[in-house]
Amino acid sequence: MFVWYIRLEQFVTNRLMNDFLKLGGLVSCLSEITEQWDSPNGWAPLQWFAVQVVLKYGYKVETNEMMVRWLTMLEKDFATRRGLEKYNVVLPENTTGGGEYQVQQGFGWRNGVTSRFYTLLR
């Protein structure tokens, strides 16, 4: 009998990289039912949590890719001076939506995650 063996951290990292990672970062979930936490939306705190977990597993290349995609999208967004609470990470040039209220400008968590990602990439 042949049994496939994969470590949990390798499974989680592969799943994030293959299914959740999009052009602008990680989608919050794979469902697309137009709620604020659904795909194509990406939120800064969830980028942070995913990067921290995968980094603790030792997957530096993968975490760098996650951070660079998020930061590249934000840099393009900052050029337009929007600075939103959440982003369409699947098609970053499109404004995201969904949820019970309009997309908000600002949010400290986006600023904090951005700052920490730049620090981690040094």
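Given Leu46, Leu55, which one is without any contact (Cβ under 8 Å) to a residue 40 or more places away in the chain, aliphatic (A, V, I, L, M) and surrounded by 14 or more Cβ atoms within 10 Å (Cβ to Cβ)? Give the steps one after another, and end with the answer.
Details: Leu55 fails: without any contact (Cβ under 8 Å) to a residue 40 or more places away in the chain.
Of Leu46, Leu55, the one residue that is without any contact (Cβ under 8 Å) to a residue 40 or more places away in the chain, aliphatic (A, V, I, L, M) and surrounded by 14 or more Cβ atoms within 10 Å (Cβ to Cβ) is Leu46.
Could you check the range 6-22 and list, in sequence order, the residues that are surrounded by 14 or more Cβ atoms within 10 Å (Cβ to Cβ), assigned to a helix (DSSP H, G or I), of a type in the set (A, V, I, L, M) and out of contact with any strand residue (DSSP E or B) (no Cβ under 9 Å at 6 or more places or on another chain)?
The first filter runs over the range 6-22 and keeps only residues surrounded by 14 or more Cβ atoms within 10 Å (Cβ to Cβ), leaving 9, 12-13, 16-17, 20-22.
Now restrict to residues that are assigned to a helix (DSSP H, G or I): 9, 12-13, 16-17, 20.
Those still in the list that are of a type in the set (A, V, I, L, M) too: 12, 16-17.
Passing the criteria: Val12, Met17.
Among what's in the range 64-112 and is assigned to a helix (DSSP H, G or I), out of contact with any strand residue (DSSP E or B) (no Cβ under 7 Å at 6 or more places or on another chain) and of a type in the set (A, V, I, L, M), pick the residue that is farthest from Ala44 (Cα to Cα).
Only one residue tops the list, namely Ala79.
Step by step: first the residues of the range 13-72, then only those that are among the charged types (D, E, K, R), over 13 Å from Pro92 (Cβ atoms) and out of contact with any helix residue (DSSP H, G or I) (no Cβ under 8 Å at 6 or more places or on another chain), then the one that is modelled with the lowest pLDDT. Which residue is that? Give the steps one after another, and end with the answer.
Quick first cut of the range 13-72, residues among the charged types (D, E, K, R) only: 15, 19, 22, 32, 35, 38, 56, 60, 62, 65, 69.
From the residues that got through so far, the ones that are over 13 Å from Pro92 (Cβ atoms) too are 15, 19, 32, 35, 38, 56, 60, 62, 65.
Then keep just the ones that are out of contact with any helix residue (DSSP H, G or I) (no Cβ under 8 Å at 6 or more places or on another chain); that gives 15, 19, 32, 35, 38, 56, 60.
Numbers: Arg15: 96, Asp19: 97, Glu32: 83, Glu35: 76, Asp38: 85, Lys56: 94, Lys60: 97.
The extreme case among them is Glu35.
Please enumerate the residues belonging to the range 23-48 that are closer than 12 Å to Thr63 by Cβ and in a helix (DSSP H, G or I).
Gln47, Trp48
Sort through Thr114, Thr80, Thr119, Thr96 and tell me the only one that's open to solvent by less than 80 Å² (accessible area, probe 1.4 Å) and free of Cβ contacts under 8 Å to residues at least 40 places away in the same chain. Break it down into steps so the answer makes sense when it comes.
Values: Thr114 fails: free of Cβ contacts under 8 Å to residues at least 40 places away in the same chain; Thr80 fails: open to solvent by less than 80 Å² (accessible area, probe 1.4 Å); Thr96 fails: free of Cβ contacts under 8 Å to residues at least 40 places away in the same chain.
The match here is Thr119.
Mind checking which residues of the range 58-73 are open to solvent by 40 Å² or more (accessible area, probe 1.4 Å), of a type outside the set (D, E, K, R) and under 23 Å from Gln36 (Cα atoms)?
Thr72
The values are calculated or read from the model by the stated rules, or taken from the named source; none is laboratory data. Source: prediction; values computed, not measured. FYI the Cβ positions are ideal-geometry reconstructions off the backbone, even for glycines, and counts take in every protein chain you see. In case anyone asks, the SASA skips ligands and DNA or RNA and just uses the protein heavy atoms, side chains included. Shrake-Rupley method; radii C 1.70, N 1.55, O 1.52, S 1.80 Å.
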